[in-house]
Amino acid sequence: MKKQGTLLLLFGAFALPVILAKLVLDLNWYQGGVTNRGELLESPLASEWLGESRQWQLIYLLPEQCDELCQGALFNLRQVPQAVGAEQGRLSSVLLIDGDTLDEQSGEVKKQMSGIEQRQVPGYVVSQLKTLEYGAKAIYIADPLGNVMMAYPLVKGQVAILAQGKDVLRDLKRLLKISKIG
């Protein structure tokens, strides 16, 4: 009886941690060591319309009417490349404009757009962006090869906009540090 108890105790000492680990993983109780602040896209968008610019790009699709969410995105598109510092040459902000969207914007919005690269895009590009998880309601990061790979859903409120800018900056600094391209 004593040998069976020892054997069961020994089996329990080795099997119990494995069983507990399996339960933790299967029931999603473990949140892995995620260090990125943005949302990695489930399926990155390989875009020929971005081309190989050899720069990391912040991308935002200008909506027909620029509301508070849009103005926050424009603020971050202007500020983040400046905050990158010495790596500023490796990053650009791109504002995608669909058709006559630019004509419908107020003077205040046009003023906020100064300093941001603006590209007219065809309808199929807008459709591609809208198929992504956050659609046109996010700032996206594209790598130097033209793959849209990370999203930052738009936020409201000055504090949230500033926090989002810090998150984008933190992720970009990490990407620029480890990237051999761009």
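The values are calculated or read from the model by the stated rules, or taken from the named source; none is laboratory data. Please read these numbers as outputs of a predicted model, since none were measured by experiment. No Cβ is skipped: glycine too gets one built from the backbone with ideal geometry, and neighbour counts run over all protein chains shown.
At-a-glance table
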item: Selected residue [more than 20 Å from residue 160 (Cβ to Cβ) and either of a type in the set (Val, Ile, Thr) or surrounded by fewer than 16 Cβ atoms within 10 Å (Cβ to Cβ) (or both)] from 80, 94; result: 94
item: Answer residue from segment 159-172, given it is farther than 15 Å from residue 84 by Cα and in contact (Cβ under 8 Å) with a residue 24 or more places away in the chain and is surrounded by the most Cβ atoms within 10 Å (Cβ to Cβ) among those; result: 161
item: Search result, residues across segment 1-29 that are surrounded by 10 or more Cβ atoms within 10 Å (Cβ to Cβ) and under 30 Å from residue 174 (Cα atoms); result: 24, 25
item: Breaking point among (1) touching a Lys or Arg at 6+ places or on another chain (Cβ under 8 Å); (2) of a type in the set (S, T, N, Q); (3) modelled with pLDDT under 85, for residue 55; result: (3)
item: Qualifying residues in segment 1-41 (those that are assigned to a strand (DSSP E or B) and either out of contact with any Leu (no Cβ under 9 Å at 6 or more places or on another chain) or of a type in the set (S, T, N, Q) (or both)) - the one farthest from residue 149 (Cα to Cα); result: 39
item: Any hit, segment 122-132, residues being of a type in the set (Val, Ile, Thr), surrounded by 18 or more Cβ atoms within 10 Å (Cβ to Cβ) and closer than 14 Å to residue 74 by Cα; result: no
item: Residues within segment 145-158 that are crowded, with 20+ Cβ neighbours inside 10 Å and in contact with a Lys or Arg (Cβ under 7 Å, 6 or more places away or on another chain), tallied; result: 1
item: Answer from 138, 142 - the residue that is at pLDDT 90 or above, surrounded by 19 or more Cβ atoms within 10 Å (Cβ to Cβ) and farther than 16 Å from residue 67 by Cβ; result: 142
